[in-house]
1. Report, ordered by the first and then the second residue, all pairs with beta carbons closer than 7 Å, sequence separation of six or more or different chains, a first member in segment 121-144 that is of a type in the set (S, T, N, Q), and a second member that is surrounded by fewer than 19 Cβ atoms within 10 Å (Cβ to Cβ) and not in a strand (DSSP E or B).
2. Among the residues that make up segment 73-92, is at least one of them over 12 Å from the mean Cα position of the chain (by Cα), within 20 Å of Phe182 (Cα to Cα) and modelled with pLDDT of 95 or more?
3. Just name the residue that is farthest from Leu79 (Cα to Cα) out of those in segment 147-170 that are open to solvent by 50 Å² or more (accessible area, probe 1.4 Å) and not in a strand (DSSP E or B).
4. Go through segment 171-188 and give me each residue that's under 17 Å from Ala155 (Cα atoms), in a strand (DSSP E or B), of a type outside the set (Phe, Trp, Tyr) and open to solvent by 40 Å² or more (accessible area, probe 1.4 Å).
5. Any chance segment 118-125 includes a residue that's surrounded by fewer than 20 Cβ atoms within 10 Å (Cβ to Cβ), farther than 28 Å from Gln205 by Cα and among the hydrophobic types (A, V, I, L, M, F, W, C)?
6. Return the total of residues in segment 189-207 being open to solvent by less than 30 Å² (accessible area, probe 1.4 Å) and in contact (Cβ under 8 Å) with a residue 60 or more places away in the chain.
7. Specify the residue that is least open to solvent (accessible area, probe 1.4 Å); the eligible residues are those in segment 49-97 that are among the aliphatic types (A, V, I, L, M), in contact with a helix residue (DSSP H, G or I) (Cβ under 7 Å, 6 or more places away or on another chain) and in a loop (DSSP other than H, G, I, E, B).
Amino acid sequence: LSAYTMRGSDKIILRTKGGASKKQIQQSPNFASTRRINEEWKGVTRAGTLFRHAIIGIKHLANFNISGPINGLCKRIQLADIDSVAGKRSVLLTHFPHILEGFNLNEKTLFDSIIRHPIVATIQKDPLSITVQVPALIPEISFKPAGKAGWYRLAVSIGTITNVVYDELTNTYQPIERQQVFSAMEYTEWLSVQAERPAFEILLQPDTAITLPSHCSIVVSVGIEMGAPDAFGQLQYIPYSGAAKVLVVE
């Protein structure tokens, strides 16, 4: 038996060793379907990695292991590929962006339970620019932070994702775009949780004009960090506090 714990769960997880041998799975005709599933799962995890990179700016606000749920969403996207044969189905992230929208990085205190009024992101692709509209944050009305921290700030993260397809030449899953087309990170100033903050906008755009390729999508995510003064009076983020979510994928 293997016994271990995971962040986000207060239970001890037990796992037994067993099942078919590695040789059986790789060679036996009885496991042909398993081999196809395993091969496709490589594409799913590749897509999941791309998505986690696209939200890297707010990933630290997750309070549980988000890899499994993200891979689950990418698997749903892969199953929607009805044009490819089983074992080689693509993960077309740009075709089904709505499946990824609204993903929460927290299990208990959700972002929408802290900031009650919607934050709206508008994406212009040619040339590329992103505008994030934040509503007025009024304590006990539209803003209800969890915990006892006295300060907070917002974080907006921008990243791109690309489709992951099966490469017949190498027999591997590969992203169409090898690196992110654009990424950006923006923080607001620290503000007291007791203060009212008027509505405002955040504009993020490349230094030079960029047109987003058709095989890429923009991921806009937002988080709230809770803070407290350190020994020198400087405000610092309190680990594992706050919340984050994916606003829009387009």
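1. Pairs found: Ser129/Gln205; Ser142/Arg116; Ser142/His117; Ser142/Pro135; Ser142/Ala136.
2. Yes, there is a match, as at least one residue in segment 73-92 is over 12 Å from the mean Cα position of the chain (by Cα), within 20 Å of Phe182 (Cα to Cα) and modelled with pLDDT of 95 or more.
3. Lys148
4. Matches in segment 171-188: Met185, Glu186.
5. no
6. Counting residues in segment 189-207 that are open to solvent by less than 30 Å² (accessible area, probe 1.4 Å) and in contact (Cβ under 8 Å) with a residue 60 or more places away in the chain gives 4.
7. Leu93
Condition check ((1) surrounded by fewer than 14 Cβ atoms within 10 Å (Cβ to Cβ); (2) part of a strand (DSSP E or B); (3) of a type in the set (Val, Ile, Thr); (4) without any contact (Cβ under 8 Å) to a residue 12 or more places away in the chain) across all residues:
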site: Ala209; (1), (2), (3), (4): yes, no, no, no
site: Pro213; (1), (2), (3), (4): no, no, no, no
site: Val220; (1), (2), (3), (4): no, yes, yes, no
site: Phe232; (1), (2), (3), (4): yes, no, no, yes
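The values are calculated or read from the model by the stated rules, or taken from the named source; none is laboratory data. In this text, all values refer to a predicted model and were calculated from it rather than measured experimentally. Backbone-built Cβ (ideal geometry, glycine too); neighbour counts: all protein chains shown. Only protein heavy atoms, including side chains, enter the accessible area calculation; ligands, DNA and RNA are left aside. Shrake-Rupley method; radii C 1.70, N 1.55, O 1.52, S 1.80 Å.
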